[in-house]
2 protein chains.
Amino acid sequence: MKSFVNYTEESDFSIHNVPFGVAVFNQEYIACATRIGDMVLDLATLYDYGFLENIDGLNENVFEAYTLNEFIELGKPVTNAVREKIQQLLLEGSLLSKDEKSIEDCFFDLDQVKMMMPVHVPNYTDFYSSIEHATNVGSMFRDPANALLPNWKHIPVGYHGRASSIVISGTDLHRPKGQTKPADMDKPIFGPSKQLDFELEMGFIINQNTEMGTSISVGDAEDSIFGMVLFNDWSARDIQAWEYVPLGPFLAKNFGSTVSPWVVTLEALAPFRASSPKQDPEVLDYLKFEGNKNFDINLEVFLQPENGEENLIAQSNFKYMYWNMAQQLAHHTINGCNVEVGDLYASGTISGKEKDSYGSMLELTWRGTNPIQLKDGSERKFIDDNDTIIMRGFAEKDGLRVGFGEVSGKILAAKP
Amino acid sequence: MKSFVNYTEESDFSIHNVPFGVAVFNQEYIACATRIGDMVLDLATLYDYGFLENIDGLNENVFEAYTLNEFIELGKPVTNAVREKIQQLLLEGSLLSKDEKSIEDCFFDLDQVKMMMPVHVPNYTDFYSSIEHATNVGSMFRDPANALLPNWKHIPVGYHGRASSIVISGTDLHRPKGQTKPADMDKPIFGPSKQLDFELEMGFIINQNTEMGTSISVGDAEDSIFGMVLFNDWSARDIQAWEYVPLGPFLAKNFGSTVSPWVVTLEALAPFRASSPKQDPEVLDYLKFEGNKNFDINLEVFLQPENGEENLIAQSNFKYMYWNMAQQLAHHTINGCNVEVGDLYASGTISGKEKDSYGSMLELTWRGTNPIQLKDGSERKFIDDNDTIIMRGFAEKDGLRVGFGEVSGKILAAKP
């Protein structure tokens, strides 16, 4: 497939991708969008110009919206047909390629565009599905000999997170303040977190509202998943350590989480399906799955000090996940919990086996005992004020590249 | 104050109350409503008839809505003025009392009305703020000698719950299925929960959207609280025991939570303000408060077997709470977490010191070791299929009564 829009081989946004997002065009007009190379395509205008006609189930301009929710809710038959139609329109020689006025009105350069939250997120859950991450954390905070808790290999452990504070890539966050209890003190103290961390995660987005009391089976789960994003689950380790027993992480996380702007569909990721780590012991029936339910997605984390260079500090891969998305969704709904369009389910920190593949500062510096050396000669145990954390993710195979771009966020000093 | 609408002394919905809810009238028309005695008053029509004119900030019919969110977002100056105006209209001799057509069109008998969820809940958090409850649970599951964890007296411990599965009183719920690990087995098993429980709670509802990075102080917190509801935080204890370490309760809770239909304002509850238990050790500055921030609200739990009588199984009081709502909200936002209109913050199980004041079956039967005897001769360790749990709450002082009515829910058998 060759597009009439030019892009380099290294572009995450090849014609094989066709992701979906929401953009502010020229600081004045908001609509759903897709991206190819470094061009952003306004789907609402594309619809108005008649290019998305004759798609069964697409009966109004759902792209004229501040979120993708209405579009996503149309379901896979419609959203897949739209994606395929856009792909055809982007090909060399297409009707669109020959229509100069439409090209001028629908395509925008990246610098004319600001991305917004792609979806309204009614509910957000964070899983804990990387065996390497869970093992590392268990070794540090509990017992290296019994790092994994007894339930870990039987349940894709997860917890509810805060939906209100999920923000789009590029949003600055202030360092959170809160209670911590240093080991050498009798009482807790109050102040800015001293152990601010990122967590390298991915998330998937739901395309349907289900009834309470119903469940989504492992086999059906992927039909309910519109697509995926990169996700930075910012974590204040010192606040977390003091607060999390017995009810889990709370203020250590809910000051902010950051998502990447482009939702990449499961269909675009299909060529990169991969097998999962073997699950031993065998899981209960409702968690058994067939086929390749994992995806080979390269992940990178960069730390960029104020006015400094980017430093690659971790390289991981989504395929390391012990529990896959279908299992997570089946587990989440096995008790009858309903899901809603736009729900975001995050993977948990994605760590690999090697030390440079760990998905958090906590693991990379082993709780601060082994600081990261940066190119500018400074070192980091955790994130400093004015550091920017950038995560990138892409899949690549046989000359095909489909990626997510980046999720980026800068940590400002705590508010006075 | 005497109303032209008659009601008994035992009514929760005296003229001193004027709660807010959302009702379906005659199975066809939905609007915001209030209640006096056993009459429900359609506020959208009352507005259309011109009875709510000349209230600063009330410029459109926000009562013509499926939720209270738009009304609540107007803020205390407006919502208080509306409440006081309604109170005047309900007095003997008011303009409304003399207008037969308006009375006929605006007032409905209870049996013509079905209540809906009063608010759309964007975010739901559950606290754990009763010292008696936390002590009981700690004694049963951990160590009676050190029942309270080290953080408990320093932090109003809380966790994020599931917003999607919060339902209105009267909604039947199926017994959840899930993974449990009986003590006498090597591996987890799958099936319907065998330890289904209620939790007697109250919740408060937020009236503003705040910016991320800002905090609500203890002193300002009550300005952000529109009102309160009764709340049943259904809990599957066997699922909870297996899943909750280390990230907290998840599937044990998110199959459903139930709220009462009428939101009682903090202003209606003002005469029932009460002191709190002394907090020792002293809390950190951001949690210090002045004045009476607790409320004396009598709480009752009834268990009604299928076709049977109601059995009073617990009597508690909201005033037992160790942490008050202002502290909960200040803590929740101290890290910059933003809140949204309609957010629901639940208290956690409200237990008292006496055995008959415990707010859950877990505590009342001490983990099933001391079953509850019912009037029909049967007994309960936990909730049986087709049992209905009814919670009632009211404040009473010097002949004044302001109450919540009830929150009720029936547990159906697990789906096959």
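The values are calculated or read from the model by the stated rules, or taken from the named source; none is laboratory data. A quick note: this is a predicted structure, and the numbers were derived from the prediction, not measured. Ideal geometry is used to build each Cβ from the backbone, glycine not excepted, and the neighbour counts take in all protein chains shown. Keep in mind that these areas ignore ligands, DNA and RNA; they rest on the heavy atoms of the full protein, side chains included. Shrake-Rupley method; radii C 1.70, N 1.55, O 1.52, S 1.80 Å.
Key figures for this structure:
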{"quantity": "Stokes-Einstein D in µm²/s, Kirkwood radius over Cα pairs - the range A:66-225 at 20 °C with 1.002 mPa s viscosity", "calculated": "102 µm²/s"}
{"quantity": "Computed FRET value (nearest 0.05) for A:Glu28 with B:Glu211, which takes r as the C-beta separation and R₀ as 30 Å", "calculated": "0.85"}
{"quantity": "Within straight-line cross-link reach of B:Lys293, lysines at Cα separation under 21 Å, skipping those fewer than 8 residues along the same chain", "calculated": "B:Lys76, B:Lys153, B:Lys278, B:Lys319, B:Lys353, B:Lys397"}
{"quantity": "Of B:Ser11, B:Ser378, B:Ser215, the one that fluctuates the most in a GNM where chain B has Cα springs shorter than 10 Å", "calculated": "B:Ser378"}
{"quantity": "Selection from A:Val62, A:Asn324, A:Gly359 lying farthest towards where the dipole of chain A points positive, charges on Cβ", "calculated": "A:Gly359"}
{"quantity": "Extension reserve of the B:Ala183-B:Asp111 stretch, reckoned as 0.36 nm per residue once the Cα distance is removed", "calculated": "21.1 nm"}
{"quantity": "Sulfur and carbon atoms: percent of accessible area, the range B:21-116 [1.4 Å]", "calculated": "44 percent"}
{"quantity": "Dipole magnitude of the protein assembly as shown, debye to nearest 20 (Cβ charges: Lys/Arg +1, Asp/Glu -1, about Cα centre)", "calculated": "2520 debye"}
{"quantity": "Over the range B:124-412: Kirkwood hydrodynamic radius from C-alpha pairwise inverse distances, Å", "calculated": "19.3 Å"}
{"quantity": "Spatial extent of the range B:229-281: Rg and Dmax, with the Cα atoms as the point set, Å", "calculated": "16.6, 44"}
{"quantity": "Residues along the range B:113-129 losing 50 Å² or more of accessible surface when the other protein chains are present rather than the chain by itself (probe 1.4 Å)", "calculated": "B:Asn123"}
{"quantity": "For chain A, share of DSSP beta bridges that run antiparallel, in % to the nearest 5", "calculated": "90 percent"}
{"quantity": "Accessible surface of the range A:124-412, 1.4 Å probe, proportion on carbon and sulfur as whole %", "calculated": "46 percent"}
{"quantity": "Position A:Glu282, label points 7 Å along Cα→Cβ, spacing to each other copy in nm (shortest first, one decimal)", "calculated": "6.2"}
{"quantity": "Reference-scaled alpha-carbon Rg (2.2 N^0.38 Å with N residues) for the protein assembly as shown", "calculated": "0.97"}
{"quantity": "Amide H within-cut-off set for B:Ala163, under 5 Å, with H built and near neighbours excluded", "calculated": "B:Tyr124"}
{"quantity": "Net charge dipole size for chain B [Lys, Arg +1 and Asp, Glu -1 on Cβ; Debye, nearest 20]", "calculated": "1360 debye"}
{"quantity": "Under the Karplus curve 6.51 cos²θ - 1.76 cosθ + 1.60, θ = phi - 60°, whole-Hz ³J(HN,Hα) for the range A:163-172, x wherever Gly or Pro sits", "calculated": "6, 5, 9, 7, 10, 7, 2, x, 7, 6"}
{"quantity": "Helix A:131-141 vs. chain A, principal-axis angle (Cα, 0 to 90°, nearest 10)", "calculated": "30 degrees"}
{"quantity": "Nm distances between copies for A:Pro271, ranked from closest, using label points 7 Å along Cα→Cβ", "calculated": "7.4"}
{"quantity": "Phi-based couplings in Hz for the range A:84-91 (Karplus 6.51, -1.76, 1.60; Gly and Pro marked x)", "calculated": "5, 5, 4, 4, 4, 5, 8, 6"}
{"quantity": "Cα-based shape type of the range A:289-416, given that a ≥ b ≥ c are square roots of the gyration tensor eigenvalues and the cut on a/c is 1.5", "calculated": "prolate"}
{"quantity": "Net charge over other residues, Cβ less than 13 angstrom from the Cβ of A:Ser378 (K, R count +1; D, E count -1)", "calculated": "-4"}
{"quantity": "³J(HN,Hα), Karplus 6.51/-1.76/1.60, whole Hz, each residue of the range A:175-182, x for Gly, Pro", "calculated": "4, x, 9, x, 7, 9, 10, x"}
{"quantity": "Shape category assigned to the range B:95-139 from the gyration tensor of Cα positions, a/c cut at 1.5", "calculated": "prolate"}
{"quantity": "Ascending list, in nanometres, of distances separating the A:Thr369 label from those of the other copies (7 Å, Cα toward Cβ)", "calculated": "4.0"}
{"quantity": "Closest approach to the A/B rotation axis among chain A Cβ atoms, residue and whole-Å value", "calculated": "A:Gly248, 1"}
